[in-house]
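Structure, as structure tokens:
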Amino acid sequence: MAHSDETRAARRSAVAVGLAVAAYGVSFGALSVAAGLDVWQTCALSVLMFSGGSQFALVGVLAAGGAGAGIPAIASATLLGTRNALYALRVAPFIGGRWPRKLLAAQWTIDETTAVSTAQSSVPAQRAGFWWTGAIIYVGWNLTTLIGALIGDLLGDVRQYGLDAAAAAAFLGLLWPRLRQLQPVVVAIGAAVVAAVLTPWLPPGIPVLCAAVVAVVVGVTNWWGSR
């Protein structure tokens, strides 16, 4: 009975998180077409990449630098996407199943599925949290991406509606709960300063990569971390 209650609670969390996150797909779709991608390219990114942070980073750099910023845009998206490999280490023990199941799990291993699943206390609840969150976000994200791309194509410059701030707001929402210890605060402030100082002088996308070096250096040296 206890496991059943935990599983239902995991499903409720999955629905709440999944619906909220899927709504951001509208912003991504609109921003993507504003950056120069067409509707089909935009939808392909959500179907195949399916990593909101990486997708926003890609179209954000393209919007700022045009086609000439392609390499920095890809590098930024790839850098952000590497975190999912670390998440895979957390969720692999309770995924189980044959390779088709593991392949799908790899596609759905993102911030939200990891957060919901690892917050559960039993293996059945962890599995329910992961798969329900992944399914809701994947379906919802792709539908809202299409809607956003079509609306963005009709409305033109979506920046006049403030949708260009959606990516920054989403990142801030993910970051804020983690700022409970000195080390993440130092990383956040250091990365922000580096990006702000270099933005006027370097091509779009490069300041973001340079700012990421702050996190790498602090992580490798464990400065201001727990000993």
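The values are calculated or read from the model by the stated rules, or taken from the named source; none is laboratory data. Just so it is clear, the model here is predicted, and its values are computed rather than measured. For neighbour counting, all protein chains shown are included, and Cβ atoms are generated from backbone atoms with ideal geometry for every residue, glycine included. Heavy atoms of the whole protein, side chains included, go into the accessibility calculation; ligands, DNA and RNA do not. Shrake-Rupley method; radii C 1.70, N 1.55, O 1.52, S 1.80 Å.
When residues in segment 125-138 are screened for being open to solvent by less than 60 Å² (accessible area, probe 1.4 Å) and over 22 Å from Gly53 (Cβ atoms), 3 of them pass.
Which is among the hydrophobic types (A, V, I, L, M, F, W, C) and under 14 Å from the mean Cα position of the chain (by Cα), of Ala10, Ala77? Lay out the reasoning, then the answer.
On the way: Ala10 fails: under 14 Å from the mean Cα position of the chain (by Cα).
So the residue among Ala10, Ala77 that is among the hydrophobic types (A, V, I, L, M, F, W, C) and under 14 Å from the mean Cα position of the chain (by Cα) is Ala77.
If we scan segment 88-103, do we find a residue that is surrounded by 20 or more Cβ atoms within 10 Å (Cβ to Cβ) and either under 21 Å from Ala44 (Cβ atoms) or aromatic (Phe, Trp, Tyr) (or both)? Scanning segment 88-103 turns up no residue that is surrounded by 20 or more Cβ atoms within 10 Å (Cβ to Cβ) and either under 21 Å from Ala44 (Cβ atoms) or aromatic (Phe, Trp, Tyr) (or both). Filtering segment 132-150 for residues that are at pLDDT below 90 and small (Gly, Ala, Ser) leaves an empty set. Only one of these conditions is not met by Gly81: (1) open to solvent by 20 Å² or more (accessible area, probe 1.4 Å); (2) farther than 24 Å from Cys210 by Cα. Which number is it? Exception for Gly81: condition (2).
Just one of the listed residues (Ala119, Ala168) is modelled with pLDDT under 85 and closer than 26 Å to Val61 by Cα, namely Ala168. When segment 28-44 is filtered for residues that are open to solvent by 10 Å² or more (accessible area, probe 1.4 Å) and in contact with a Phe, Trp or Tyr (Cβ under 8 Å, 6 or more places away or on another chain), only Leu31 remains.
Residue-by-condition table, conditions (1) open to solvent by 70 Å² or more (accessible area, probe 1.4 Å); (2) out of contact with any helix residue (DSSP H, G or I) (no Cβ under 6 Å at 6 or more places or on another chain); (3) of a type in the set (A, V, I, L, M, F, W, C):
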{"residue": "Ile74", "(1), (2), (3)": "yes, yes, yes"}
{"residue": "Ala85", "(1), (2), (3)": "no, yes, yes"}
{"residue": "Thr109", "(1), (2), (3)": "no, no, no"}
{"residue": "Ala115", "(1), (2), (3)": "no, yes, yes"}
{"residue": "Val123", "(1), (2), (3)": "no, no, yes"}
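Contact annotation: residue pairs with Cβ atoms under 7 Å, 6 or more positions apart or on different chains, pairing a residue in segment 180-197 that is more than 20 Å from Ala57 (Cβ to Cβ) with a partner that is assigned to a helix (DSSP H, G or I), are Gln183/Val218; Val186/Val218. Of all residues in segment 44-93, those that are free of Cβ contacts under 8 Å to residues at least 40 places away in the same chain and among the hydroxyl-bearing types (Ser, Thr, Tyr) total 4.
Mind counting the residues in segment 4-16 that are open to solvent by 30 Å² or more (accessible area, probe 1.4 Å) and either in contact with a Pro (Cβ under 9 Å, 6 or more places away or on another chain) or modelled with pLDDT of 85 or more (or both)? Going through segment 4-16 one residue at a time, the tally reaches 9.
Any residue that is of a type in the set (Gly, Ala, Ser), under 23 Å from Gly152 (Cα atoms) and surrounded by fewer than 19 Cβ atoms within 10 Å (Cβ to Cβ) - is there at least one of those in segment 45-55?
Scanning segment 45-55, I find no residue that is of a type in the set (Gly, Ala, Ser), under 23 Å from Gly152 (Cα atoms) and surrounded by fewer than 19 Cβ atoms within 10 Å (Cβ to Cβ), so the answer is no.
With respect to Pro184, is the statement that it is modelled with pLDDT under 85, under 29 Å from Ala88 (Cα atoms), part of a helix (DSSP H, G or I) and not β-branched (Val, Ile, Thr) true? So Pro184 passes the test.
Among what's in segment 194-227 and is surrounded by fewer than 12 Cβ atoms within 10 Å (Cβ to Cβ) and modelled with pLDDT under 70, pick the residue that is farthest from Leu80 (Cα to Cα). Applying the filter and picking the extreme gives Arg227.
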